[in-house]
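Heads up, the thing below is written out as structure tokens.
The values are calculated or read from the model by the stated rules, or taken from the named source; none is laboratory data. What you see is a predicted model; the values in this text were computed from it and never measured. All Cβ positions, glycine included, derive from the backbone under ideal geometry; neighbour counts span all protein chains shown. Note: areas computed on protein heavy atoms with side chains; ligands, DNA, RNA excluded. Shrake-Rupley method; radii C 1.70, N 1.55, O 1.52, S 1.80 Å.
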Amino acid sequence: AEYMGESVDTYFPIIEKGKVYRISNGVIKVANAKYNQVGAQYEMSLKSDSRIVEVMDDGAIAAQHFAFVPLADLEQIAVDPDSKNGPAVDVIGIVTKVGDLTSVTSRARGDQIPKRDLVLADDSGRSVQLTLWGKQAESFQCVGLPVLAAKSVKLGSYSGRSLSTVASSTVTIAPDCPEALRIRHWFDTVGARSEITPLSANGGAGGAGKGRPHKCFRQFASLGYAEKPDYVSVRGTVSYLKREGTLFYMACANKVEGRACNKKVVQDATGYYCERCKISHQSPTYRYIFSVSCSDYSGTQWLSCFDETGQQLLGTPASELQAWQQNNDPRFEQAFERALFKTYNFVVRAQQESYKDEQRVKYSVFSLAPISFAEESRTLLADIKKYAQL
């Protein structure tokens, strides 16, 4: 059901999730599949003279209706890679991985959107990445390896097959349904020891770099000389972070075509001036730009980090770290100490650039993810089986 105009102000405050209502004087029409994300054949619009009355829940109406799709069948569903509105599906599976809470910058508004990646596996022998957004990402909590049901999540074709929540999606831990009992029994008896095939490049074996060529640091010398940049994965340990020199820059927070400008500002008599936007700010926005030395069994490599990856490594926004540095707060040094000697799966972008009339290759961290030792072990076991058959 949807309500528009004055009915939004009238009914939105009284509607609560999980309660039962009697609705009258609504308009029923065939659902527009292009905009309908819940998979219903019909939809109802409410007007100013519609009525919504809460009634007693006698248990006759199921709290949630699911039409679960086995994860293996997601590969057979057509997805338009150029469309933002992928098909909506219901899935159920075991949560085998819970990623850290991160954030991405909205292209439309320039603000930070919370994001968390999960991996689901089911008895079809497949796993898939499910991305939670917004409040669902912030509030998600689970203990152990629970069964999770996701309703009306968007199916995408990025890096194979992947799922993500939208405004109409719901996520339920340990749902009360027969499918949950079946999945639980499968995992406890055979699933935990079975080989699961990931449908997502990031969803089930190997973290941030899955699906990209894997390199060691010694092999970086041959990267970045093509017309287009090289993207490779590497497993490395943070061995040193530069605390001297430039750690962040002062950026313009003005919105340009719905996105934050982020260009460098210069302090002058009027404030902090942006040459691109031709305006001054009373205070700047700080964004990370620093180098980190990472090591693996083959050698060491300096990598450049920018705002999002820098925040993941140091665990705090650039503006907060700048304030700690300015005030000689001990938390400044502690942030660097905590970041040392942690191992990640990195995706690195290698591209040649001109610096002071000299051509050189710059290696930038495109993304990173903590090591999942259980998943890494499964990947190694699968590799061992392949070599044993040679």
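Can you tell me which condition T131 does not meet? The list is (1) within 29 Å of V190 (Cα to Cα); (2) in contact (Cβ under 8 Å) with a residue 24 or more places away in the chain; (3) open to solvent by less than 60 Å² (accessible area, probe 1.4 Å); (4) not in a strand (DSSP E or B), and all the others hold.
(4)
Confirm whether V143 is open to solvent by 60 Å² or more (accessible area, probe 1.4 Å), among the aliphatic types (A, V, I, L, M) and outside any helix (DSSP H, G or I).
yes
On the given criteria, is K154 in contact with a strand residue (DSSP E or B) (Cβ under 7 Å, 6 or more places away or on another chain) and either at pLDDT 85 or above or loosely packed, with under 15 Cβ neighbours inside 10 Å (or both)?
The answer is yes for K154.
Are any of the residues in segment 210-230 under 27 Å from S354 (Cβ atoms), modelled with pLDDT under 90 and in a strand (DSSP E or B)?
Looking through segment 210-230, at least one residue is under 27 Å from S354 (Cβ atoms), modelled with pLDDT under 90 and in a strand (DSSP E or B).
Any residue in segment 327-347 that is open to solvent by less than 40 Å² (accessible area, probe 1.4 Å), touching a Gly at 6+ places or on another chain (Cβ under 7 Å) and polar (S, T, N, Q)?
Within segment 327-347, one or more residues are open to solvent by less than 40 Å² (accessible area, probe 1.4 Å), touching a Gly at 6+ places or on another chain (Cβ under 7 Å) and polar (S, T, N, Q).
Answer yes if at least one residue in segment 302-320 is in contact (Cβ under 8 Å) with a residue 24 or more places away in the chain, crowded, with 18+ Cβ neighbours inside 10 Å and part of a strand (DSSP E or B), and no otherwise.
Checked segment 302-320: at least one residue is in contact (Cβ under 8 Å) with a residue 24 or more places away in the chain, crowded, with 18+ Cβ neighbours inside 10 Å and part of a strand (DSSP E or B).
S283: of a type in the set (S, T, N, Q), assigned to a strand (DSSP E or B) and open to solvent by 20 Å² or more (accessible area, probe 1.4 Å), yes or no?
So S283 fails the test.
In this structure, does V55 turn out to be touching a Leu at 6+ places or on another chain (Cβ under 7 Å), of a type in the set (V, I, T) and modelled with pLDDT of 75 or more?
Considered against the rule, which asks whether it is touching a Leu at 6+ places or on another chain (Cβ under 7 Å), of a type in the set (V, I, T) and modelled with pLDDT of 75 or more, V55 comes out as no.
Of all residues being small (G, A, S) and without any contact (Cβ under 8 Å) to a residue 24 or more places away in the chain in segment 135-157, which is farthest from P87 (Cα to Cα)? Just the residue, please.
G144
Are any of the residues in segment 333-354 touching a helix residue (DSSP H, G or I) at 6+ places or on another chain (Cβ under 8 Å), modelled with pLDDT under 80 and outside any strand (DSSP E or B)?
No, segment 333-354 contains no residue that is touching a helix residue (DSSP H, G or I) at 6+ places or on another chain (Cβ under 8 Å), modelled with pLDDT under 80 and outside any strand (DSSP E or B).
Sort through K47, K29, K19 and tell me the only one that's modelled with pLDDT of 70 or more and closer than 20 Å to T172 by Cα.
K19
Tell me whether segment 264-279 contains one or more residues that are among the hydroxyl-bearing types (S, T, Y) and modelled with pLDDT of 85 or more.
yes
Can you tell me which residue in segment 96-128 is modelled with the lowest pLDDT, limited to those that are surrounded by fewer than 20 Cβ atoms within 10 Å (Cβ to Cβ) and among the β-branched types (V, I, T)?
Step by step, filter segment 96-128, then rank; the result is T105.
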